[in-house]
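Report on one structure; see the data block that follows.
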Amino acid sequence: MPETAAWAALPAAVAVSFLWRALGVAISERINPDSDVFLWVKCVAYAMLAGLVSRMVFLPSGTLATSEIGIRLVAIGLGLAICFAFRRNLLIGVLAGVGAFLALHYIFASG
């Protein structure tokens, strides 16, 4: 029975999702990306991201909590260094940080 209710709710969820996307497309031409409001929204988004990353590094939960804080800090540092070395390429920085974390965790956890 719960499976039927989930399938019945799916079209409503899709409709609501596309409604907000369509509304965003409709008003996107009126938004000035250099406005004070847009700058504030960007600052809030960056602050939330920084808070989440800080929480993962200093107050991890789940499996991440089993890793050493030094490994997490070195991986963050390497990821940031690679990001800036490649002209602030976020994808390369994230991949480098994750790769460094996995490699360091493997080296020090198995030794």
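Is it fair to say Ala22 is part of a helix (DSSP H, G or I), farther than 30 Å from Gly99 by Cβ and small (Gly, Ala, Ser)?
Taking the combined requirement at face value, the residue satisfies it.
Among the numbered criteria (1) closer than 30 Å to Tyr106 by Cβ; (2) open to solvent by 60 Å² or more (accessible area, probe 1.4 Å), which one does Ser54 miss?
Here Ser54 clears every test but (2).
Based on what the data block shows, is Gly51 under 30 Å from Arg72 (Cβ atoms) and either free of Cβ contacts under 8 Å to residues at least 40 places away in the same chain or assigned to a helix (DSSP H, G or I) (or both)?
Answer is yes for this residue.
Taking segment 1-46 on its own, how many of its residues are hydrophobic (A, V, I, L, M, F, W, C), over 28 Å from Leu90 (Cβ atoms) and open to solvent by 100 Å² or more (accessible area, probe 1.4 Å)?
Adding up the residues that qualify gives 3.
Considering only segment 81-109, state which residues are of a type outside the set (Val, Ile, Thr), under 17 Å from the mean Cα position of the chain (by Cα) and surrounded by fewer than 14 Cβ atoms within 10 Å (Cβ to Cβ).
Listed by number, the residues that qualify are Arg88, Leu90, Leu91.
The values are calculated or read from the model by the stated rules, or taken from the named source; none is laboratory data. Since we're looking at a predicted model, the values are computed, not measured. Cβ coordinates were reconstructed from backbone atoms using ideal geometry, including for glycine residues, and neighbour counts include every protein chain displayed. Side chains included, ligands, DNA and RNA excluded: accessible areas come from the protein's heavy atoms. Shrake-Rupley method; radii C 1.70, N 1.55, O 1.52, S 1.80 Å.
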